[in-house]
Each structure stands twice: as C-alpha cells, then as structure tokens.
1. Which of the residues belonging to the stretch 37-57 are without any contact (Cβ under 8 Å) to a residue 12 or more places away in the chain and aromatic (F, W, Y)?
2. I'd like the full set of residues that are in contact with a helix residue (DSSP H, G or I) (Cβ under 7 Å, 6 or more places away or on another chain) and either without any contact (Cβ under 8 Å) to a residue 24 or more places away in the chain or not small (G, A, S) (or both), limited to the stretch 377-392.
3. Could we say that T76 is modelled with pLDDT of 95 or more, of a type in the set (S, T, N, Q) and within 20 Å of the chain's Cα centre (by Cα) here?
4. Checking E309 against (1) buried (at least 18 other Cβ atoms within 10 Å of the Cβ); (2) closer than 28 Å to R52 by Cα; (3) charged (D, E, K, R), which test does it fail?
5. Determine, yes or no, whether K383 is assigned by TED's automatic domain parsing to the domain that holds D38, over 23 Å from the mean Cα position of the chain (by Cα) and at positive phi.
6. Picking from I243, I137, I222, I190, which residue would you name as being over 27 Å from S292 (Cα atoms) and not aromatic (F, W, Y)?
7. I want to confirm something. Restricting to the stretch 386-403 and keeping residues that are within 13 Å of the ligand (Cβ to nearest atom) and over 18 Å from the mean Cα position of the chain (by Cα), which single residue is farthest from V138 (Cα to Cα)?
8. Take the stretch 19-29 and flag every residue that is among the small types (G, A, S) and not in a strand (DSSP E or B).
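The values are calculated or read from the model by the stated rules, or taken from the named source; none is laboratory data. Everything numeric in this text was worked out from a predicted model, so none of it was measured. We place every Cβ from the backbone using ideal geometry, glycine too, and count neighbours over all the protein chains shown.
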Amino acid sequence: MGKIDREVVTVDLDAESIKKDFPILSNSENNKSLVYLDSGASAQMPRLVIDRINHYHQHEHANIHRGVYDLSEQATISYESVRSTVARFLNVADTSEVIFTKGTTHAINLVAHAFGRTFVRAGDEIVISHMEHHSNIVPWQQLCEEVGATLKIIPISDIGELDMEAYGRLLSERTKIVAVTHVSNVLGTINPIKEMVALAHSKDIPVLVDGAQGAPHMKVDIQDLDCDFYIFSGHKVCGPTGIGILYGKRNWLERMNPYEGGGDMILSVTFEKTTYAEIPAKFEAGTPPIASAIGLGEAIKYLEAIGLERIEKHEKVLTRYATEALTEINGLTVYGTAPNKAGVISFGVKGVHPHDMGTLLSDDGVAVRAGHHCAQPVMQRFKVPATTRASFYLYNTLEDIDRLVSSVRNAKKIFS
Ligand code: C6P
C-alpha cells in the first residue's frame, strides 16, 4: 500500500464525536488534553455504561437467583439478559454456554483447572504459543507441573507470526488442548484461529482462544471459528473491571468438574455428597459481580450499535498511519509487523529506555504502556527487556497519532 496522506486518509468512523461519549477522554494529563493510547490494557467506559451501573446501584440492587421479592427478580432478569447479549455478540447459539467470570485470567484458570484436572494426565501435552500473555502460560504451566504433563510452544517468526508448519508438527495423540491468543497484546498479530481450530479438530484436539485482544476489536463468530473455548474481559470492551466471559462448548463444560464450590452452583448438598447445578450455574459459584455484568451488557450494545466491522477498519487505518509515521523516526524499531495486525504498536527507540519514553510521553499528555506487557517470552524472543506500546480503539483519532509521533520525536531529542 502507498504512503498515507494525512489530508486524504478517510476513516469510516467519526472518532471525534465518539470520543465525546467518554467522559474521561475530556480530562487532561499534565495540563495537556489526554491522548489515551492504552486501550490494550483497559478501554475507557462510555457515559451510558457508567450511567447504567449507577442506575443499577441506585434502583435495582439486590442479590440474584435468590430473592422472591421484586427487586431481586428484576436484578436477576437484568443480569441474565446480559448472557443473551453476550451470546449474540459472539454468535453463540446456546446461552447456557456463556459463563460469567471475573475476567480473562480467571476464565483461563477456570479451564486449566476444570478441564485440566478432568482430562490431562502425566505424559500428555498442552500446546500454547510463544506470543501468549502470562495469563495463558502460567495456569497451563501450573497444571503441567501438577499432573506431569508437558508444555509445547509454537514458535513465532521475526515479523511476529505463528509458525504454522511447526504448529502442525506439535499436534499429536499426546496433545490434550491447544490454548492460543486470538491477537497478541504486544505484537498485534491476528492469528489464523479458524485454520488452527480446523487442524486441531482433525486430530480431535480442543482449542481454547484467549480473546482478550480479539473480541474488543473485531466481529467474533464462534460458530464460524468453531473453537471449544473463547474468553474475553469486560474492561477491554468498554465495560467495567471484575467481569469476563468464558464461552465453552456444552459437550466440554458438562464433562468438566466445577472449578469453585459454593452457593448457586449446586443442586443439593448433604455432608455425604453434593450434586452440581447444570451449566452455566455449575461454573458460577457465589454472588457474581452483578453490576459489572450489567455494565458489560451495556458496553456490548454500545459497540454493536457502532459496529465491530467499522471499529476494526478504523483501527487498521490508525495502525497503518501510525506505523508509517513512527518508522520515519531514525532509530525506531517496531516489534510485530505481520500484515494481518490489530491496533497495537510496540516499539523501541535506540538510546531511550521504554520506561523513560513512557514517562516523557505522559508529560505530553500521551498515555501509553511501557514494560514487558505481561508477555516476557515475547521480550525474550525479540531480545529486548521491554517495549513502549501504543494501542488504539474506536475513540482514537489521527490527531491522537500525530500527538504520539511528535512526542516520540521530542523524547528522542532529549536523549540524543
Ligand atoms: N493484557 C495488556 O496491557 P485480564 O487482566 O484478566 O483482564 O486479561 C489478561 C490478558 C490475557 N490475555 C491477553 C492477550 C491480554 O492482553 C490480557 C491483558 C493487558 O496487554 C494487561 S496485562
């Protein structure tokens, strides 16, 4: 593709007016208007999500699934309706396959425990990739240590793509599950999930997809991907923290033991024996974050009204524009240059530590993340201790990118 001309580039989405939906984005940082480029860590919440959560607290709060009084019944209806909203968002046919969790990390731990302790034994193998977030490494590593299984790693190329031939070779009769990220939170690479699932399924191996950086940024169609588990966090889809989603195929969920025990996940309890509720309740022990779930439902409706396809397209324009402008800076390296890439740019500038870069950008009102991004193996792969990372969302504009680029140039001058 040719070079992007700032004047002629068109975006499908009016990010400037979308920005006005987000109260926090009219704040300033260090006396400069805030440019928020850390949505990969946590997206901001639009006013209607904040208002919906407040309304729940002021007018609807009661525990769910328990009370016979109106308030509790209303809270239950509001909470359960989000399950259908999530099912529509992911194109899941059976709402019972949608489980509320505390977030992506909690959901992966749930599967590693519940699936792992049911199906993985000594000598078995679990396949993950070199670009996983720690949340999709550590729970599997812990499982392997506990049961005597082995973790196998799909390598990545210099541009940050999975080595698909190596992936094929890693799958064997010993493989019990593949757990792979939809989109790398460091490199931005969008992985060929459908192809990976088809290959694994041809050998009867289930696939878990960490969708923390996928579901917020593109239309996810579970029936098309055909994965066995898909996971994401509320706070990365413009919802609140403390809530996440685990989609799981009924066939697996029904055969998995519960992860946590407690109220709401049982059918009957005696001191001799407990029997468990059907899914999804079986995996939702205790009082859930009701307000957060309701906020998540509102966030999803907000994103749907704008359109995930438009959001994805918008982020692609921003990414291309930012990549071209940043790579014009001498001594700047972008880590992760796969052609199929989401709105994440990790970079380093010769002579400037990523943490110093992050601090200097913050002085200019530009919020980015600096560090290992909870993906230390990616840092090891590219032989860097850390990177600076800008990540984009629907409310970012080309002017935001201009501010980033000019601030990176200033930071570079300070250190030269
Ligand atoms: N990545 C980032 O700045 P939680 O914290 O449970 O909501 O999500 C964990 C997680 C799992 N997988 C991927 C691919 C992720 O990107 C994240 C969260 C944030 O990149 C915070 S470390």
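1. First pass over the stretch 37-57, keeping only residues without any contact (Cβ under 8 Å) to a residue 12 or more places away in the chain: 51, 54-55.
Residues satisfying the conditions do not exist here.
2. First pass over the stretch 377-392, keeping only residues in contact with a helix residue (DSSP H, G or I) (Cβ under 7 Å, 6 or more places away or on another chain): 385-388, 390, 392.
Hits for the stretch 377-392 are P385, T387, T388, F392.
3. Numbers: modelled with pLDDT of 95 or more: yes; of a type in the set (S, T, N, Q): yes; within 20 Å of the chain's Cα centre (by Cα): no.
Judged against the criteria, T76 is not a match.
4. Only one criterion in (1) buried (at least 18 other Cβ atoms within 10 Å of the Cβ); (2) closer than 28 Å to R52 by Cα; (3) charged (D, E, K, R) is unmet by E309, namely (1).
5. Values: assigned by TED's automatic domain parsing to the domain that holds D38: yes; over 23 Å from the mean Cα position of the chain (by Cα): yes; at positive phi: yes.
Taking the combined requirement at face value, the residue satisfies it.
6. Result: I190 is the single residue among I243, I137, I222, I190 that is over 27 Å from S292 (Cα atoms) and not aromatic (F, W, Y).
7. T388
8. The first filter runs over the stretch 19-29 and keeps only residues among the small types (G, A, S), leaving 26, 28.
Once the filter is applied, which keeps residues that are among the small types (G, A, S) and not in a strand (DSSP E or B), the stretch 19-29 yields only S26.
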